[in-house]
Every structure is written in structure tokens, then in C-alpha cells.
1. Please state the relative contact order of the chain as a whole percent: Cα pairs under 8 Å, 6+ residues apart?
2. Run the reach check for Lys186 against lysines, Cα to Cα strictly under 19 Å, same-chain hits fewer than 8 apart removed. What comes back?
3. Quick check: the distance between the Cα centres of segment 43-58 and segment 1-17, to the nearest angstrom?
4. Can you pull the Kirkwood radius for segment 73-134, inverse mean 1/r over Cα pairs, to one decimal in Å?
5. Got a sec to turn the phi values of segment 130-143 into Karplus ³J(HN,Hα) couplings, 6.51 cos²θ - 1.76 cosθ + 1.60 with θ = phi - 60°, whole Hz, x for Gly and Pro?
6. Using a Förster distance of 25 angstrom, determine the FRET efficiency expected from the C-beta separation of Thr146 and Lys77, and round it to 0.05.
7. So how much slack lies between Ala176 and Asp17, counting 0.36 nm per residue of separation and subtracting their Cα-Cα distance, in nm?
8. If one computes P(r) from the Cα atoms of segment 13-90, what percent of pairs lie at distances over 20 Å?
Amino acid sequence: MAPENDSLPRILEEIGDCTRCKLHKGRTKLVFGSGNPQTKLVFVGEGPGADEDAQGLPFVGRAGQLLTQMIDGTASKEGIPIQRPDVYICNVVKCRPPENRAPEPDEMQTCGQFLFRQLMAIQPRAICALGSTAAKALLGTKEGVTKLRGKWHKWNGIPLIVTYHPSYLLRAYNVAAKREAWEDLKKVLHYVYD
Ligand code: URA
């Protein structure tokens with residue numbers, strides 16, 4: 001699947017000015033990923049929103065601010081000396097779906113190969129899938145986050161935790177889910193950094 005000596009710069013170069021799926025039509029900037037390529041922990045979201053599309057960076061809007069707080073806050077509380085720039089963050093699809101709809105199967109299929117190559121190139125100690133689209137892409141399951149969270153899964157031999165997408169947590173009624181997401185994050189951070 002991945003060429004020998006694959007690397008993030010090589011994957012980005014191969015993606016190029018991509019027109020492989022219909023999502024390219026609405027794109028301002030392609031959002032490849034950001035963070036430390038030598039990281040032990042990768043977070044995978046769904047796809048860029050409006051802010052990400054404008055800046056070309058993942059998780060920079062409201063959901064992104066919450067993700068930053070979750071990573072930095074949990075790490076600091078748990079005495080783990082990392083912050084958001086120490087992990088790597090990317091998405092299942094690299095271009096913004098219109099009206100922030102969920103990526104469609106053909107789009108996930110086409111772009112998923114690049115996500116898989118990113119993960120293979122980084123070889124993290126663990127992966128955190130944010131929300132059901134990332135879980136579906138990485139685990140090939142239709143199960144919802146509620147069923148999948150709280151236990152370990154594997155992607156290509158790499159331990160994987162599923163938790164709620166930060167956009168879901170931003171909806172006020174989700175107090176219990178917020179607590180659970182913090183527990184999931186604690187679990188994956190301790191596994192990776194202890
Ligand atoms: N939501 C995502 O899934 N990814 C982003 O990059 C931003 C919001």
C-alpha cells in the first residue's frame with residue numbers, strides 16, 4: 001500500500017493539487033495535518049470545517065480550541081509533559097465537505113489511503129479516533145462512539161482509542177460525554193507517555 005521510505009513530505013507531494021474526489025471543488029486549502037511527525041500519539045478527526053479550509057490547518061476553529069484544551073488540560077493535570085504541538089493531528093478527508101456534511105464512502109475511500117500512509121509513516125504508539133467517521137475509517141465499523149469508546153481497539157497493530165468528536169462535546173447537553181472524553185484522553189495519554 002505504502003511505498004518504501006514513505007514520509008509525510010512525500011505523501012503531501014503525492015496528494016499535490018488533488019482532484020481525485022468531488023470534495024476538491026469546494027476547497028480553499030487542503031488540510032494535510034499538523035504537529036510533530038516524530039510523535040507517539042496521533043489524533044484523527046473527520047474533515048476540515050470552514051476555519052480549517054481557510055487556514056489549511058486542522059482543528060483551528062471552535063472544535064479545535066476545545067481539542068487543544070482537552071489535550072493540554074488533561075496532560076497538565078496528569079503530570080504528562082506534553083502539549084498539543086507535541087502530537088500530530090489530521091483528518092480522514094483533507095478537503096472540506098460542503099455544509100460540513102459527513103464525508104461520503106467514496107471520499108473516505110479515496111482520501112483514506114493518504115491517512116493510512118500518514119499513520120504508517122509516523123508509526124505512533126497509539127491513535128485517538130475523534131468521532132464516528134474516524135472510527136469507521138480506521139476500524140471499518142458502523143458502531144457508534146458510545147459503543148466503541150472506553151476500550152482499546154487496534155489499527156494495523158497500533159492501539160487505538162475512540163472518543164467523542166469535540167464538535168459533539170460543544171453541544172451543551174453533553175455533560176456526561178465530556179467527562180467520558182476526558183477519561184478516554186487520560187487513558188491514551190498515560191498509555192503513550194508513562
Ligand atoms: N472537525 C474535524 O473533524 N476536523 C477538523 O480539522 C476540524 C473540525
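Here, each number is a calculation from the coordinates, and none is a lab measurement. If you're wondering where the values come from, they're calculated on a predicted model, not measured in any experiment. Please note: Cβ atoms are built from the backbone with ideal geometry, for glycine as well, and neighbour counts cover all protein chains shown.
1. 25
2. Reachable lysines: Lys40, Lys77, Lys147, Lys151, Lys154, Lys178.
3. One Cα centre to the other: 20 Å.
4. That comes to 13.6 Å for segment 73-134.
5. 9, x, 6, 5, 5, 5, 5, 5, 8, 10, x, 10, 9, 4
6. The formula returns an efficiency of 0.55 here.
7. Numbers: separation 159, 0.36 × 159 = 57.24 nm, distance 4.16 nm.
Length difference between fully extended and current span is 53.1 nm.
8. Values: 1102 of 3003 pairs.
Of all Cα-Cα distances in segment 13-90, 37 percent exceed 20 Å.
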